[in-house]
Amino acid sequence: MSNLHPGLILIIAGLIAAVLPKNLRKFAVVGGPLLALAATLSLEVGALWAIPFINGMELHLIDLDKMGWMFALIFSLMAVMGGFYVSHSESWMECMAAMMYAGSILGVVLCGDWMTMIFFWELGAATSLFLIWCNNTPASRKAGFRYLLVHMTGGNLLLAGVFLLVSGGDFFIHSLTGMSGAAYWLILLGVGINAAVVPLHAWITDAYPEATVAGSVFMGAFTTKMAAFCMIRLFSGSEIMIYLGVFMALYASCFVIIENDMRRLLSFHIVGQIGFIVAGLGVGNALGINGAAAHAFTNVLFKSLLFMAVGAIIYTTGIRKINELGGMYKKLPLVTLFFFIAAFSISGVPFFTGFVSKSVIMTGAAEAGLLWVEMCLKIASIATFVSITLKMGYFIFFGEDNDKVVVQRKVPLGMYIAMGIDAVLCILFGVFPELLYNMLPMEMEYHVFTVDHFMAYIQLLGVSMIPFMMYLDHMKPHSELSLDFDWFYRKPFKKLIYSISSLVCATRLALGEACLAVYDGFNKLSAHPLQFIGLLPREMDSDNGVVPEGYTPDHYRANIGEAMIITMTAFVLAVVLIAVL
Amino acid sequence: MFDKLTKKTIYIIIGVAVALSLVVEILFAHPHGHAIWDTVPGADIVIAFVGCWALILFSKKILAPLVQREEDYYDKEDDDNE
């Protein structure tokens with residue numbers, strides 16, 4: 001048993017960061033993750049930390065299997081890099097949210113029961129929201145509300161599924177493959193929303209570009225990869241995943257060609273890369289599952305490095321669109337280097353991390369006889385290379401110099417340290433893939449450095465440069481927005497809500513007026529009943545000839561003496577009557 | 001943008017690299033799979049060219065006109081409602 005829970009360490013670090021003064025805050029955001037990393041390294045596979053809960057249930061805050069340890073390691077490493085990256089931040093809320101968010105994600109990865117999982121899951125969604133709102137722009141506020149809407153929907157679907165399982169006595173997390181029924185579909189939908197499965201992915205391309213620079217680094221690394229981990233744990237071998245995964249990879253491949261906003265483009269790539277993972281776990285053989293886990297691991301590294309490099313550009317220049325940049329290699333040479341290390345990694349260039357993980361998935365698909373899957377993933381790989389290495393690399397860092405781009409401030413040291421660590425890891429796992437393969441959940445024999453693999457990638461990546469060069473003039477993106485599935489809830493759904501709301505308002509007003517009319521009618525009737533039944537002329541009052549304005553009760557009421565006599569008489573009569581009887 | 005000479009140089013470099021890889025593939029590779037791109041040397045060249053060309057064409061000519069709008073597409077609507 002270990003009481004050193006890396007996730008709780010990060011959550012506490014976040015709370016401490018919130019109360020520390022500005023100049024000390026950086027120690028909490030760097031020190032906390034380092035402690036969490038040490039705690040992860042001290043954990044052993046099989047570690048269990050159970051605490052008693054209500055109704056004889058136990059909460060397994062730590063219940064560690066091999067894959068859980070691997071994901072805990074990469075998320076702890078990511079927290080360290082993220083901590084350095086956010087260390088310059090002057091916002092206490094951003095630091096707190098980032099740390100607590102990373103801690104929550106570690107909580108999901110380490111836990112062994114449904115209740116703990118849903119707790120950390122929701123905490124992660126809630127804390128990450130503040131990484132969007134901390135950007136403090138009108139667009140980020142609106143995007144944050146949409147993010148909240150989607151994630152609370154997803155979280156509640158998951159919660160409903162978990163309740164169904166737990167109420168049936170099923171407390172601990174296990175694979176749901178082969179199951180059916182409401183719990184299966186609710187959990188699949190809940191996890192699918194977080195894993196950005198198309199068409200439930202639009203929150204990612206909507207919210208991530210609006211988050212703070214450091215916020216998008218954290219979010220790009222954690223939520224979707226945590227969901228990918230849950231997918232592997234729960235749904236490995238489900239056939240539906242193959243189709244979903246391939247569709248995701250191809251869907252994103254098309255959008256990245258036309259996208260202009262740097263972080264939105266990278267967000268589409270998250271969808272695409274999760275597509276690889278989902279397809280791999282859907283294939284379900286040892287290579288497929290290992291490939292999915294390996295690709296999630298490497299994805300955290302290169303995707304965060306891409307977000308960091310792009311974030312550094314946005315931080316220094318304030319520009320987020322590709323077509324407004326150009327010639328950045330002269331202004332930010334180190335950032336250029338880090339960007340290209342990440343770009344080569346995600347594209348699958350040999351000796352970088354993407355190569356060692358992507359090819360495991362493809363070989364897994366081929367071994368299962370799913371050649372069409374391998375083919376589609378090859379095309380998605382080409383799209384990645386063309387859109388990131390070629391399109392972003394050329395138009396942002398090379399291409400035509402844009403004089404309007406001014407580096408307004410220096411890249412903070414913390415950002416450079418974070419990118420440096422990440423770049424070293426991208427190359428380390430690319431050159432020594434055994435380091436990664438030894439952590440994978442299933443036993444496998446796989447050699448990635450073979451001549452046919454190398455030559456295939458040289459041909460794929462080399463030749464795909466030709467169409468890019470041919471259409472270079474058309475490849476430069478325009479200042480346009482590409483609509484995605486969020487259109488449905490930003491346009492027609494919004495209109496529907498407005499229509500329903502207007503209908504309700506109109507009904508309420510009409511009902512109010514009708515009630516008022518009835519009330520007025522009764523008012524008139526009760527104001528002067530004698531006039532109403534025709535005993536008095538309607539025009540004139542009987543006493544003084546003045547038309548009554550309304551009901552005057554004293555006019556028809558007996559004076560107090562008469563009332564007393566009537567009451568006393570009635571009382572005496574009643575007493576006499578009772579006495580006689 | 002690249003001038004014509006630079007473009008030509010890049011094409012030549014790509015051509016030489018790919019041709020070399022093809023030679024190495026024919027001489028030294030021991031394919032592990034049974035798909036056409038594993039057994040036929042240079043099949044990846046065709047996949048890459050056709051795949052990339054089709055992707056660019058589809059995205060730019062079909063997808064872009066369908067989904068791309070002016071940048072204040074959503075904001076305009078928001079202002080109307082506020």
Looking only at the stretch A:95-108, decide whether some residue is out of contact with any helix residue (DSSP H, G or I) (no Cβ under 6 Å at 6 or more places or on another chain) and either over 15 Å from A:ALA211 (Cα atoms) or open to solvent by 10 Å² or more (accessible area, probe 1.4 Å) (or both). no
Single unsatisfied condition, A:PHE468 versus (1) open to solvent by less than 70 Å² (accessible area, probe 1.4 Å); (2) of a type in the set (Phe, Trp, Tyr); (3) more than 8 Å from every other protein chain (Cβ to nearest Cβ): (3)
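Could you list, in sequence order, all residues of the stretch A:148-168 that are among the β-branched types (Val, Ile, Thr) and open to solvent by 60 Å² or more (accessible area, probe 1.4 Å)? Before you say what the answer is, go through the steps one by one.
Step one: list which residues in the stretch A:148-168 are among the β-branched types (Val, Ile, Thr), which gives A:150, A:153, A:162, A:166.
Answer for the stretch A:148-168, where residues must be among the β-branched types (Val, Ile, Thr) and open to solvent by 60 Å² or more (accessible area, probe 1.4 Å): just A:THR153.
For residues that are within 12 Å of chain B (Cβ to nearest Cβ) and open to solvent by 50 Å² or more (accessible area, probe 1.4 Å), tally how many sit in the stretch A:472-491. Step through it out loud before you land on a result.
First, pick out the residues of the stretch A:472-491 that are within 12 Å of chain B (Cβ to nearest Cβ): A:472-487, A:489-491.
If we keep only those that are open to solvent by 50 Å² or more (accessible area, probe 1.4 Å) as well, we get A:473-474, A:476, A:478-480, A:485, A:487, A:489.
Qualifying residue count, the stretch A:472-491: 9.
Which of the residues belonging to the stretch A:386-406 are away from chain B (no Cβ under 14 Å), open to solvent by 60 Å² or more (accessible area, probe 1.4 Å) and in contact (Cβ under 8 Å) with a residue 24 or more places away in the chain?
The initial filter retains those residues of the stretch A:386-406 that are away from chain B (no Cβ under 14 Å), namely A:392, A:396-397, A:403-406.
Okay, now just the ones that are also open to solvent by 60 Å² or more (accessible area, probe 1.4 Å), so A:403-404, A:406.
Within the stretch A:386-406, A:LYS404, A:VAL406 meet the criteria.
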When residues of the stretch A:243-268 are filtered for being within 29 Å of A:ASN285 (Cα to Cα) and open to solvent by 10 Å² or more (accessible area, probe 1.4 Å), how many remain? 6
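Having 1 or more residues that are more than 8 Å from chain A (Cβ to nearest Cβ) and more than 30 Å from A:GLU480 (Cα to Cα) is the bar; report the helices (runs of 4 or more DSSP H) wholly within the stretch B:1-72 that clear it. Show your work before the answer.
Values: elements: B:4-28, B:36-39, B:43-57, B:64-67.
Here the list reads B:4-28, B:36-39, B:43-57.
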When the residues of the stretch A:357-378 are filtered to those that are open to solvent by 40 Å² or more (accessible area, probe 1.4 Å) and in a helix (DSSP H, G or I), which remaining residue is nearest to the other protein chains (Cβ to nearest Cβ)? A:LEU371
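Yes/no per residue for (1) at pLDDT 95 or above; (2) within 21 Å of A:ILE417 (Cα to Cα); (3) buried (at least 19 other Cβ atoms within 10 Å of the Cβ):
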{"position": "A:ASN3", "(1), (2), (3)": "no, no, no"}
{"position": "A:PRO6", "(1), (2), (3)": "no, no, yes"}
{"position": "A:GLY32", "(1), (2), (3)": "no, yes, yes"}
{"position": "A:TRP49", "(1), (2), (3)": "no, no, yes"}
{"position": "A:CYS111", "(1), (2), (3)": "no, no, yes"}
Residues in the stretch A:169-188 that are of a type in the set (Val, Ile, Thr) and either surrounded by 19 or more Cβ atoms within 10 Å (Cβ to Cβ) or modelled with pLDDT of 85 or more (or both): how many? 2
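Please return the ranges of helices (runs of 4 or more DSSP H) entirely within the stretch A:438-529 where 3 or more residues are within 30 Å of B:VAL50 (Cα to Cα).
Details: elements: A:451-470, A:472-475, A:486-490, A:492-527.
Per the criteria, A:451-470, A:472-475.
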Cβ-Cβ under 6 Å, sequence separation 6+ or interchain: first residue in the stretch B:1-26 and farther than 21 Å from A:PHE395 by Cβ, partner at pLDDT 85 or above and open to solvent by 40 Å² or more (accessible area, probe 1.4 Å). Which pairs? B:SER21/A:ILE458
Report yes if some residue within the stretch A:264-279 is in the same structural domain as A:TYR416 (by TED's automatic domain parsing), under 27 Å from A:LEU413 (Cβ atoms), touching a residue at least 12 places away in the same chain (Cβ under 8 Å) and of a type outside the set (Ser, Thr, Tyr); otherwise report no. yes
Do the conditions hold for A:LEU131, that is, is it without any contact (Cβ under 8 Å) to a residue 40 or more places away in the chain, assigned to a helix (DSSP H, G or I), in contact with a Gly (Cβ under 8 Å, 6 or more places away or on another chain) and not β-branched (Val, Ile, Thr)? no
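I'd like the full set of residues that are basic (Lys, Arg) and in contact (Cβ under 8 Å) with a residue 12 or more places away in the chain, limited to the stretch A:464-517.
Across the stretch A:464-517, the qualifying residues are A:LYS476, A:ARG490.
The values are calculated or read from the model by the stated rules, or taken from the named source; none is laboratory data. Here the structure is a predicted model, which means the values were calculated and not measured. Ideal geometry is used to build each Cβ from the backbone, glycine not excepted, and the neighbour counts take in all protein chains shown. Surface areas here come from the heavy atoms of the whole protein model, side chains and all, with no ligands, DNA or RNA. Shrake-Rupley method; radii C 1.70, N 1.55, O 1.52, S 1.80 Å.
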